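Novice: I have a structure here, written as C-alpha cells, and I will follow up with some questions on it.
The values are calculated or read from the model by the stated rules, or taken from the named source; none is laboratory data. Bear in mind that the values here come from a model prediction, so they are computed numbers and not experimental data. Here the Cβ positions follow ideal geometry from the backbone for every residue, glycine too, while neighbour counts run over all protein chains shown. Note: areas computed on protein heavy atoms with side chains; ligands, DNA, RNA excluded. Shrake-Rupley method; radii C 1.70, N 1.55, O 1.52, S 1.80 Å.
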Amino acid sequence: RRKDFPLEIGSYTFLVLLKACCMLKDVKRGDEMHVEIARRGYLGLDTYLDAALIDLYMKCGSFAKAHDVLDKSPVRNSVMWTSLISGYVEYGLGEEALYCFEKMKLDRISLDSVTFVCVLKACGSIGAKIKGAQIHADVERRGLFGNTIVGNALVDMYGKCGGLQEAKAICDGLPNRDLVTWGALVSGYAQHGYGESALEAFVEMQKEGFIPDELVFSSIIKVCKSLGLLSQGRLLYEQICIFGMESEVV
C-alpha cells in the first residue's frame, strides 16, 4: 500500500485525477498514476482510463508514450484515436494527425462527428484541400452534414485552404448557421485577400442577428486596412465600443 495512492482508489478516481493532470499538463504526476494504474490491473481493461492516458500524453507532447498506450490496449476505440489526432492538431502537426486518421480507418473504428472535426482542422492547418474534400465526401455519405459543428469545420477547412466557393456553398447550405460559421467564412475571405466578399459576409451575418466577436472584428479591421476604408473602419470602431469590446487585446 502506497502513501500517495491509497488502496481504496478505484478506476473512476484515477480517471478524474488524470483529467486534472491533463488540465495542468503535469506529465510527471501522470506517469506516476500510469504506473499505479498498471499495477492495479486497470490498464487495458478500462478503455476510459486508456483514453485519458493518451489524452494526457498528447496534450503534454509525449507522443511516443501516447502511442505506446494505444498499441498495448486490447480494445482501441474512437475516443483513443481521436485523442491522438486532436493532440497532433493542437501542436500543428497536421500530417501526423492525418496519418493517424488513416490508421484509424484501417482499424475499422467507427468515425463520429468529433473525429471528423479534428481531422478537418488538420487539413486546414496544412492546406490539404484535396484530402479535406475527400473527408467532406465521407461526411456527406454518413449523413453528418447537417451537424452544425461538422459544417463549421468544413467551412473553416475550405476557408483556410483557399476553397472559398466551397466554403460559401457549405455556409449557405447549413440548416443552422451560427457565429462560428460566419466567423470562419469571414476569416477565410480576409486571409486570402477577398476583402469585399468578407465585408459582404460580415453584413449578412449581422442581418441574421449575430453579434460579431473580437475575432470577427479583427478580421474585418484588417480588411478595411488592406482596402483603405478609413470611414468603414471608424464605423467598426463605433460598433466595437457599443458592444463593449474596445478593451479586447485582439
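Novice: With GLU204, GLU200, GLU248, GLU238 as the choices, which residue is open to solvent by 20 Å² or more (accessible area, probe 1.4 Å), acidic (Asp, Glu) and either in contact (Cβ under 8 Å) with a residue 24 or more places away in the chain or outside any helix (DSSP H, G or I) (or both)? Quick ask: steps written out before the conclusion?
Specialist: Details: GLU204 fails: either in contact (Cβ under 8 Å) with a residue 24 or more places away in the chain or outside any helix (DSSP H, G or I) (or both); GLU200 fails: either in contact (Cβ under 8 Å) with a residue 24 or more places away in the chain or outside any helix (DSSP H, G or I) (or both); GLU238 fails: either in contact (Cβ under 8 Å) with a residue 24 or more places away in the chain or outside any helix (DSSP H, G or I) (or both).
Exactly one residue qualifies, and that residue is GLU248.
Novice: When you scan segment 46-69, do you find a residue that is of a type in the set (S, T, N, Q) and open to solvent by less than 50 Å² (accessible area, probe 1.4 Å), even just one?
Specialist: Looking only at segment 46-69, we keep the residues that are of a type in the set (S, T, N, Q), and these are 47, 62.
In the following step, the residues that additionally are open to solvent by less than 50 Å² (accessible area, probe 1.4 Å) were identified as 47, 62.
Scanning segment 46-69 turns up at least one residue that is of a type in the set (S, T, N, Q) and open to solvent by less than 50 Å² (accessible area, probe 1.4 Å).
Novice: Inside segment 129-186, counting only helices (runs of 4 or more DSSP H) that do not spill past its ends, which hold 2 or more residues that are at pLDDT 95 or above, farther than 23 Å from SER86 by Cβ and over 16 Å from the mean Cα position of the chain (by Cα)? Give the steps one after another, and end with the answer.
Specialist: Details: elements: 129-141, 148-161, 164-173.
It comes to 164-173.
Novice: Spot the failing condition for VAL75; the list is (1) among the β-branched types (Val, Ile, Thr); (2) open to solvent by less than 40 Å² (accessible area, probe 1.4 Å); (3) modelled with pLDDT under 95, and only one is missed.
Specialist: Of (1) among the β-branched types (Val, Ile, Thr); (2) open to solvent by less than 40 Å² (accessible area, probe 1.4 Å); (3) modelled with pLDDT under 95, only one is false for VAL75: (2).
Novice: Restricting attention to segment 211-224, which residues are open to solvent by 10 Å² or more (accessible area, probe 1.4 Å) and either of a type in the set (A, V, I, L, M) or closer than 22 Å to GLU166 by Cα (or both)?
Specialist: Of everything in segment 211-224, those that are open to solvent by 10 Å² or more (accessible area, probe 1.4 Å) and either of a type in the set (A, V, I, L, M) or closer than 22 Å to GLU166 by Cα (or both) turn out to be ILE211, LEU215, SER219, ILE221.
Novice: Could you count how many residues in segment 87-114 are under 19 Å from LYS160 (Cα atoms), open to solvent by less than 30 Å² (accessible area, probe 1.4 Å) and not aliphatic (A, V, I, L, M)?
Specialist: 2
Novice: Is it fair to say HIS192 is in contact with a helix residue (DSSP H, G or I) (Cβ under 7 Å, 6 or more places away or on another chain), open to solvent by 10 Å² or more (accessible area, probe 1.4 Å) and within 24 Å of SER78 (Cα to Cα)? Give the steps one after another, and end with the answer.
Specialist: Working: in contact with a helix residue (DSSP H, G or I) (Cβ under 7 Å, 6 or more places away or on another chain): yes; open to solvent by 10 Å² or more (accessible area, probe 1.4 Å): yes; within 24 Å of SER78 (Cα to Cα): no.
Judged against the criteria, HIS192 is not a match.
Novice: Next question. Can you pull out the residues in segment 24-39 that are touching a Gly at 6+ places or on another chain (Cβ under 9 Å) and open to solvent by less than 60 Å² (accessible area, probe 1.4 Å)?
Specialist: Listed by number, the residues that qualify are VAL27, ALA38.
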